[in-house]
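Here is the structure we will look at.
The values are calculated or read from the model by the stated rules, or taken from the named source; none is laboratory data. What you are looking at is a predicted structure, and each value in this text was computed from that prediction instead of being measured. As a convention, Cβ positions derive from the backbone with ideal geometry for all residues, glycine included, and neighbour counts pool all protein chains shown.
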């Protein structure tokens, strides 16, 4: 498995650290309430299909990435810098 | 007061020469990480004015005589061979890491073959030219690799300096045995 780092180019999977679903980019407000925080902290979808994860290019440039991949085919359709994604959300 | 003498991170492990490939310790003098604080243009200008160096783009390095600057990762570059000018502290996070990294020069015919056994990135001349740099892993160790005139400059955390030599030695022996 290889991941196309937007900074370093195509690199081996061993250089990357997997963090989990890319929900951390959409952190609720501190006063959003227990229900919202419960969902944010604990409830994850487990799709057979497209999923978005946070990875870090730990063994390379160190950048955090949002990787869009398909859990059925293992195909990676997009890799973006998490900082860019966060900026686009604002 | 006691006179303290700086120790070489490789002790008597280097120099090493196996087959056509050699590894030599490099004393790079001052090493300073410059962290981009968000104003890349200001950092580039300060670096140019203070040290006559262009701020390297990702995966590139720049040099001005013995002073060099290599890209070290997302929003970080490493200034080599000179104490940082005071003006840089206004536009960058400046951290002295002179004793944090251990440096070697890997050179000779077959140096690419040695790295091919240790690093999961293609460093052949066709894709990795002089002045190019990258961050990767040498086995499990974080490494910075820069191609220079004589071959490759490898930087690893000082704590794994001896392990890097051990891995280089094994790869060099394997490459030499196949020639």
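Among the residues of region B:12-57, which ones are surrounded by fewer than 18 Cβ atoms within 10 Å (Cβ to Cβ) and over 25 Å from residue B:87 (Cα atoms)? Spell out the reasoning first.
Within region B:12-57, the subset surrounded by fewer than 18 Cβ atoms within 10 Å (Cβ to Cβ) is B:12, B:15-17, B:20, B:24, B:26-30, B:35-42, B:44-45, B:48-50, B:52, B:54, B:57.
The answer is B:12, B:15, B:16, B:17, B:20, B:24, B:26, B:27.
Kindly evaluate residue B:118 against the criterion of being within 20 Å of residue B:9 (Cβ to Cβ) and touching a residue at least 12 places away in the same chain (Cβ under 8 Å).
Taking the combined requirement at face value, the residue satisfies it.
Restricted to region B:47-73, and to residues that are within 14 Å of another protein chain (Cβ to nearest Cβ) and touching a residue at least 40 places away in the same chain (Cβ under 8 Å), which residue is farthest from residue B:148 (Cα to Cα)? I'd like the intermediate steps shown before the answer.
Restricting attention to region B:47-73, the residues satisfying the condition of being within 14 Å of another protein chain (Cβ to nearest Cβ) are B:56-60, B:70-73.
Okay, now just the ones that are also touching a residue at least 40 places away in the same chain (Cβ under 8 Å), so B:56, B:59-60, B:70-73.
Working: B:56: 15, B:59: 13, B:60: 11, B:70: 11, B:71: 14, B:72: 16, B:73: 19 Å.
Across region B:47-73, the extreme among qualifying residues is B:73.
For region B:34-60, which positions are farther than 23 Å from residue B:100 by Cβ and in a loop (DSSP other than H, G, I, E, B)?
Within region B:34-60, B:38, B:39, B:52, B:54, B:57 qualify.
With the structure loaded, tell me whether residue B:118 is assigned to a loop (DSSP other than H, G, I, E, B), at pLDDT 95 or above and touching a helix residue (DSSP H, G or I) at 6+ places or on another chain (Cβ under 7 Å) or whether it fails that test.
yes
Mind listing whichever residues of region A:28-57 are in contact with a helix residue (DSSP H, G or I) (Cβ under 7 Å, 6 or more places away or on another chain) and either under 18 Å from residue B:144 (Cα atoms) or exposed (fewer than 13 other Cβ atoms within 10 Å of the Cβ) (or both)? Steps first, please.
Taking region A:28-57 and keeping what is in contact with a helix residue (DSSP H, G or I) (Cβ under 7 Å, 6 or more places away or on another chain), we get A:28, A:54, A:57.
Of everything in region A:28-57, just one residue is in contact with a helix residue (DSSP H, G or I) (Cβ under 7 Å, 6 or more places away or on another chain) and either under 18 Å from residue B:144 (Cα atoms) or exposed (fewer than 13 other Cβ atoms within 10 Å of the Cβ) (or both), namely A:57.
For region B:156-171, give me each residue that is within 14 Å of chain A (Cβ to nearest Cβ) and either part of a strand (DSSP E or B) or out of contact with any strand residue (DSSP E or B) (no Cβ under 6 Å at 6 or more places or on another chain) (or both).
The answer is B:156, B:157.
Looking at region A:58-68, is at least one residue modelled with pLDDT under 95, touching a helix residue (DSSP H, G or I) at 6+ places or on another chain (Cβ under 9 Å) and away from chain B (no Cβ under 13 Å)?
For region A:58-68, residues modelled with pLDDT under 95, touching a helix residue (DSSP H, G or I) at 6+ places or on another chain (Cβ under 9 Å) and away from chain B (no Cβ under 13 Å): absent.
Within region B:133-141, identify whether any single residue is surrounded by fewer than 18 Cβ atoms within 10 Å (Cβ to Cβ) and either part of a strand (DSSP E or B) or modelled with pLDDT of 95 or more (or both), and answer yes or no.
Scanning region B:133-141 turns up no residue that is surrounded by fewer than 18 Cβ atoms within 10 Å (Cβ to Cβ) and either part of a strand (DSSP E or B) or modelled with pLDDT of 95 or more (or both).
Going through region B:79-114 one residue at a time, which ones are surrounded by 17 or more Cβ atoms within 10 Å (Cβ to Cβ) and under 14 Å from the mean Cα position of the chain (by Cα)?
Across region B:79-114, the qualifying residues are B:79, B:80, B:81, B:101, B:102, B:103, B:104, B:105, B:106, B:107.
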